[in-house]
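A.B. asks: Shown below is the structure under consideration.
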Amino acid sequence: MRIYSAEIDSIGSQILDGFARRGITDPAAVEWAPIPFSGQWGLGTSGCLKAAAFLARNKKSTLPVPQQAQQLAEQIASEITLPAGFARIEAIRGYLNISFETKPYVEKVLEAVLSLGPDYGRGTPKTETVMVEHANPNTHHSFHIGHFRNVVLGEALARLTEFAGYKTIRAAYPGDIGLGVVKCMWGYQKFHAGKEPAGAMERGRWLGQIYTEASTLLEPHPDETEAQRATREGYEAEVRDLYRLWDTGDKKIRELWERTRKWSLDELDAVLQELNIPIDVFFFESQADELGKTIVDELIARGIAEDERPTGGPVIVRIDDKLGLKKETYRVAVILRSDGTSLYLTKDLALAKIKFEQYHVDRSVYVVDVRQSLHFQQAFQILNLWGFPQAAKCFHLAYEIVTLPEGTMSSRKGNIVYYLDVAEEARRRISAIIAKKNPNLTGAEREATANQVGLGAMKYVMLAVDNTKQIVFSWDTALSFDGQAAPYIQYAHVRASSILEKTGGVPRAALPAYYMHPAEITLIDWISRFPGEVDRAAEEYKPLYMANYAYFLAKAFTDFYRECPVLNAEAGIRDVRLAIVAATRQTLANSLQLLGIAAPQAM
RNA sequence: GCCCCUGUAGCUCAACGGAUAGAGCAUCGGACUUCUAAUCCGGUGGUUGUGGGUUCGAUUCCCGCCAGGGGCGCCA
């Protein structure tokens, strides 16, 4: 996919031959990186520095390493036969830099982008299947800004692995049962039975508020009176009864559960649809329950798990012991309660088995917040002990949580920033900006654009910081529209589209010989890096790389846009620049697509 | 006690072990008769928490320490 990859490989092996003739066996491969100075046109390698270090280590050179590297680089440069398309090879400060011939290189890059279009950057098909599990909010809670980070990150990752060539399955795993769910049902039944607001979003939100209300009533207060305590304990007993009824499959309670559960799932559907995030398969805790229990029996039978139920304990796995670790690392995992009911871990083991055996997943990625790190480490280690080779390719993409300036959000406490509120505010603010900047856009057109830009900005905020970093929510940072933000990238796409609209198509003429502006060279350089960035982001599960790339590409285009007139350029140059604009527009569109951010035509 | 993450400009963050650590925000000063100024140009701003180590080369890898956050047998 990389331009000139065969030629670059050939130069690389010539360099290695040069090393071999001098008895240098390290480095064993040549790695190329962009030369970090604008105006330079090509790639550089630090291989000679490594080679010189090798000579020094083996007492085959007495020169200081940088000096030896420079000498070696000069010698090897003189020995290389450059393939067609390369202008020169030179030794600079111990680095070996190769430069492309401008004309054929530019033609190759532009031709690749324009002929492949939406497929520019797509990786060769891989044999492995990746499953990305995300979208795992609990039901009976409303979708908040933390869940937003989860699904935005998960979807961007899925798009990246899919585009990089992996068969990709998007999975959702909402928590549909547990104490929190039962509390909410209790609150509904006791205080709001029979009520039901219209509209999926409104109903989901309302249900979330009932959960908060119920939690508050069930929360002990330090200064509560005797009467208050009695009331609360009465409530607690009712909740326990309700859970027991659910567990025994009580028809009425199951019906209530199904109905309220659906409200939350409808809300989730509505949100995912608005965000353009498709899900291939929904897993539910309830469906993994039974299989989980048989797995526990199997793990006991195979001596991996220990059954402490005879002495009143649970079923456990002493992971550190089984792995022969002296320091406590993975600790003891409880995989079944003493009363025989299943736990989160029980179900995740079952789910992993389903993923491996029914969906033939080779790489299983879990996009779940960082607080569950130990849970996943334990799960993966148990899968490993159990004998699943896929355990080595299970990956917990642990992202840090979204907090408020005053601390953690909590459904229980009700200090939640809801996705819907932020999205509406984003659309409102963007709509006002459009009214000012582009009065030509009106009605449905303005609404659609406000939606694309508003949601795009929100998504970019989540994608442009590393998953290991906390995001402190504030309205101003969450709705940042200036500088390194989605609207900047979208704006570059709009500018490029606008130029193309004013012409009758993009000519694919041969490149005339003209002095290219540094802004043109830098821009084409960024365009050419796209396939490599796709690959890197997918392999390392880092949507951040693509978010950064998209910004730098947009920035390079903005520089070009300022420095290089297109429509008013003289005929030959105009055609080339139109092709550059078209290639940029396409690459920006592809980048935004991978981030799940819309690329508007006007704004 | 043990495990994980974070610490880079006033603030929020980037930076495949490489060449001169970059952006945005904020701040100060400029640019719209121009392919849309949601933009651009310039200035200010750094002992990369700290002390060692490995390396030709460390923000990046290893060890210690400091500070903050998260987690640790029957919640999810």
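A.B. asks: In this model, which of A:K183/A:K251; A:K293/A:K327; A:K293/A:K353; A:K353/A:K393; A:K167/A:K469; A:K327/A:K542 are farther than 20 Å apart at the alpha-carbon?
C.D. replies: A:K293/A:K327; A:K167/A:K469; A:K327/A:K542
A.B. asks: Extending each Cα 7 Å along its Cβ direction at A:R2 and A:A87, get the distance between those two points in nm, one decimal.
C.D. replies: 2.0
A.B. asks: Starting from the Cα-Cα distance between A:D17 and A:L567, subtract it from 0.36 nm times their residue separation and give me the gain in nm to one decimal. Display every interim value, and only then the final one.
C.D. replies: Details: separation 550, 0.36 × 550 = 198.00 nm, distance 4.88 nm.
Result for the pair: 193.1 nm of gain on full extension.
A.B. asks: Per residue of the range A:163-172, in order, report the coupling 6.51 cos²θ - 1.76 cosθ + 1.60 (Karplus, θ = phi - 60°) as ³J(HN,Hα) in whole Hz, putting x for Gly and Pro.
C.D. replies: Coupling constants for the range A:163-172: 5, 6, x, 8, 5, 10, 10, 9, 10, 10 Hz.
A.B. asks: Another question, if that's okay. Just to be sure I understand the model, the point goes 7 Å from the Cα along the line to the Cβ. What's the resulting A:Q75 to A:E357 distance in nm?
C.D. replies: Here the modelled spin labels are 6.2 nm apart.
A.B. asks: Quick check on chain A: helices-only [θ] at 222 nm, where DSSP H runs of length 4 and up contribute -39,500 (n - 2.57) each and the sum goes over total residues. Nearest 500, please. Mind dumping the intermediate values first?
C.D. replies: Details: 20 runs with 334 residues, N = 603.
Taking each H run of at least 4 residues, the total per residue is -18500 deg cm²/dmol.
A.B. asks: Next question. Taking K and R as +1 and D and E as -1, what net charge do the other residues with C-beta under 15 Å from the C-beta of A:A56 add up to? Please list the in-between numbers first.
C.D. replies: On the way: positive: A:R22, A:K50, A:R57, A:K59, A:K60; negative: A:D26.
With Lys, Arg at +1 and Asp, Glu at -1, the net is +4.
A.B. asks: Shifting gears a bit: What is the sum of charges around A:V109, taking Lys and Arg as +1, Asp and Glu as -1, for the other residues whose C-beta is under 11 Å from the C-beta of A:V109?
C.D. replies: Around A:V109, the charge tally is 0.
A.B. asks: Quote the FRET efficiency, to the nearest 0.05, computed for A:D289 versus A:K436 with a Förster distance R0 of 56 Å and r equal to the Cβ-Cβ distance.
C.D. replies: Result of the calculation: an efficiency of 0.50.
A.B. asks: Report, largest value first, the span of the C-alpha coordinates of chain A along each principal axis, in whole Å.
C.D. replies: Ordered largest first, chain A gives principal extents of 89, 69, 45 Å.
A.B. asks: Using label points projected 7 Å from each Cα along Cα→Cβ, tell me how many nm separate A:E445 and A:F552, to one decimal.
C.D. replies: For the pair A:E445/A:F552, the computed spacing is 3.6 nm.
A.B. asks: What ranking of A:S373, A:S61 emerges when the number of other C-beta atoms within 10 Å of each C-beta is taken as an exposure proxy, fewest first?
C.D. replies: Neighbour counts put them in this order, fewest first: A:S373, A:S61.
A.B. asks: Quick check: the angle from helix A:226-247's long axis to the longest principal axis of chain A, C-alpha only, nearest 10 degrees?
C.D. replies: 70
A.B. asks: Name the residue from A:Y366, A:V109, A:F481 whose Cα lies farthest towards the positive end of the charge dipole of chain A, charges +1 on Cβ of Lys and Arg and -1 on Cβ of Asp and Glu.
C.D. replies: Of A:Y366, A:V109, A:F481, it is A:V109.
No lab work stands behind these numbers, since they all come straight from the coordinates. No experiment lies behind these values; they were computed from the predicted model shown. Methodologically, a virtual Cβ is constructed for each residue, glycine included, from the backbone with ideal geometry; neighbour enumeration extends over all protein chains shown.
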